[in-house]
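No lab work stands behind these numbers, since they all come straight from the coordinates. In this text the structure is predicted, and so the values were computed from the model without any measurement. All Cβ positions, glycine included, derive from the backbone under ideal geometry; neighbour counts span all protein chains shown.
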């Protein structure tokens, strides 16, 4: 992992990550953990869809947002990662440790990788040394670690959570009230992009 991390140290990562906006759509209940493990699994499936969306936008920006000007809103990547990946995972993952004994150290690894990705995106916002490759590597690592983490959960429970996520009506505006997993899925489906620091 250190080879990928490059010039961004853990200390730098911590200093670069600012708290998500209080009114960010998917982080507004960040201090309230998800108690229902099935919903937590559904949220994790929604987060995986969000990661895929961020990876697609990284690829898009790498092709359409060239140096030295980088004529795109680079902050969209940091905001999406903070509000649609980091915040929901912090609320959802501990529930699976509590309910099924899933490895709490794996939770820490996942959150640390996401935090590192956030730091890289925040550094990119300065438009000095913009790096699209390293955040993509870390997000792929997050996906892999999530898959391994879910293997510690009874398969029937994973399937139940997956079905709960898939039952969401994605045609509804993501700004409308709804469960966290459905609002995340709707944001991806509608191709909603954050504005003003709010996802």
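The table below lists the values:
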| read-out | value |
| --- | --- |
| Tensor-based shape of the stretch 43-83 (alpha-carbon gyration tensor, a/c under 1.5 rounded, otherwise prolate or oblate) | oblate |
| Order of 96, 55 - criterion: other Cβ atoms within 10 Å of each residue's Cβ, fewest first | 55, 96 |
| Principal semi-axes in Å for the stretch 126-199 [√(5λ), Cα gyration tensor, largest first] | 27, 23, 8 |
| Over the stretch 34-189, relative contact order from alpha-carbon pairs under 8 Å, at least 6 apart, % | 36 percent |
| Relative contact order [Cα under 8 Å, 6+ residues apart], the stretch 120-195, whole percent | 17 percent |
| Neighbour-count ranking [beta-carbon atoms within 10 angstrom, fewest first] of 34, 172 | 172, 34 |
| Relative exposure of 82, 171, 75, judged by other C-beta atoms within 10 Å (fewest first) | 171, 75, 82 |
